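> I'd like to ask some things about the structure below.
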Amino acid sequence: MRLEAGCELLFETTEPSPLILMLRSHRGVGQQIIREDCRFEPEVATTDYTDSYGNHCQRLVAPEGQLRINCTVVAEAADQIEVQPGAEFVPVQDLPAESLQFLLPSRYCQSDLMADLANDIVADIDSAYDQVEAIRHWIHTHIEYRYDTSDASTSAIDTEKNRVGVCRDFVHLGLSLCRSLTIPARMVVGYLYELDPMDLHAWFEAYVGDRWYTFDPTQPSPRGNRITLAYGRDAADVALATQFGPLNLTEMNVWVNSAQP
């Protein structure tokens, strides 16, 4: 499906403040970017760069007062995500070098402390893909999705203990459980068509068989029509706006619509 998606952010600051944005779409498997545009009001100078995960970033200095940012993208997105039940575990020595960093514990994902729970969930399941799917299903059925129940400090262990959270918390728990089984797992942020309520969304990918596969513990079944913005080890790597000064985000609006070819 061809999708038109975007977000509008309004920042306010009392002094010029550096800002890094991660709002440009990621080029990769499952989506073809037709066009994208970022507009700033007032106009500001921006510098583009690519971070260590291949994410497209913009750096700028927000002027004193208000800064409105409107970023849109039109993309061809896969109607269905690919699934591969039975895909096998890949031994560490055979993994692509770029996937190895996604085996390690990270700020929000204490995978080194979650092996017991992971092993209980996968029990006698043999294939790596089916183990990850069991983890996704366990999170979907055991963690309640509820706003205002977590904050920027909430980790995977907190979510497992409290059994409540939002999409980023679901993802951190999935990442931790996968990594504890020596399955590389990375966080993805972007847009999901017909997400309710509409917002920017997070899911995760796991490397099994010979490629990355998508898993979304907030959804009851596999869903396509996603536009990826960024990849990372956890939420610390995929912040859509990182500020260095007294910036306040006062408004945010997100939309995803079908578009004419």
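> Looking for something more than 22 Å from L249 (Cβ to Cβ), touching a residue at least 12 places away in the same chain (Cβ under 8 Å) and of a type in the set (F, W, Y) - is there at least one such residue anywhere in the range 43-54?
yes
> Follow-up. Could you pull out every one of the strands (runs of 3 or more DSSP E) wholly within the range 31-118 that has 3 or more residues that are assigned by TED's automatic domain parsing to the domain that holds T13 and crowded, with 17+ Cβ neighbours inside 10 Å?
Once the strands (runs of 3 or more DSSP E) in the range 31-118 are filtered for at least 3 residues that are assigned by TED's automatic domain parsing to the domain that holds T13 and crowded, with 17+ Cβ neighbours inside 10 Å, what remains is 31-41, 56-62, 65-77.
> Got at least one residue in the range 161-170 being of a type outside the set (D, E, K, R), outside the structural domain of I34 (by TED's automatic domain parsing), under 28 Å from E88 (Cβ atoms) and touching a strand residue (DSSP E or B) at 6+ places or on another chain (Cβ under 7 Å)?
no
> Given E64, E82, E98, which one is at pLDDT below 95 and charged (D, E, K, R)?
The conditions single out E82.
> Give the number of residues within the range 202-261 that are among the polar types (S, T, N, Q), over 30 Å from E15 (Cβ atoms) and out of contact with any Gly (no Cβ under 6 Å at 6 or more places or on another chain).
8
Rundown of residues vs (1) buried (at least 21 other Cβ atoms within 10 Å of the Cβ); (2) more than 18 Å from the chain's Cα centre (by Cα); (3) of a type outside the set (A, V, I, L, M, F, W, C), yes/no style:
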site: Q131; (1), (2), (3): yes, yes, yes
site: R136; (1), (2), (3): yes, no, yes
site: H142; (1), (2), (3): no, yes, yes
site: Y145; (1), (2), (3): no, no, yes
site: S150; (1), (2), (3): no, no, yes
site: D158; (1), (2), (3): no, yes, yes
site: K161; (1), (2), (3): no, yes, yes
site: D169; (1), (2), (3): yes, no, yes
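> Any chance the range 128-142 includes a residue that's part of a helix (DSSP H, G or I), among the basic types (K, R), in contact (Cβ under 8 Å) with a residue 12 or more places away in the chain and touching a Phe, Trp or Tyr at 6+ places or on another chain (Cβ under 7 Å)?
Yes - at least one qualifying residue is present in the range 128-142.
> If I filter the range 149-166 for residues that are under 16 Å from V208 (Cα atoms) and not polar (S, T, N, Q), do I get at least one hit?
The answer is no, given that none of the residues of the range 149-166 is under 16 Å from V208 (Cα atoms) and not polar (S, T, N, Q).
> Restricting to strands (runs of 3 or more DSSP E) lying wholly in the range 190-261: which have 1 or more residues that are modelled with pLDDT of 95 or more and surrounded by 19 or more Cβ atoms within 10 Å (Cβ to Cβ)?
Here the list reads 201-208, 211-215, 226-232, 247-258.
> Which one of these does T159 not meet: (1) within 21 Å of R27 (Cβ to Cβ); (2) in contact with an Asp or Glu (Cβ under 7 Å, 6 or more places away or on another chain)?
Only one criterion is unmet by T159, namely (1).
> For the range 1-25, how many residues meet the condition of being farther than 19 Å from A259 by Cα and either of a type in the set (G, A, S) or not in a strand (DSSP E or B) (or both)?
Number of matching residues: 6.
The values are calculated or read from the model by the stated rules, or taken from the named source; none is laboratory data. The structure presented is a predicted model; accordingly, all values stated were derived computationally and were not measured. Cβ sites come from the backbone with ideal geometry, for glycine too, and all protein chains shown count toward neighbours.
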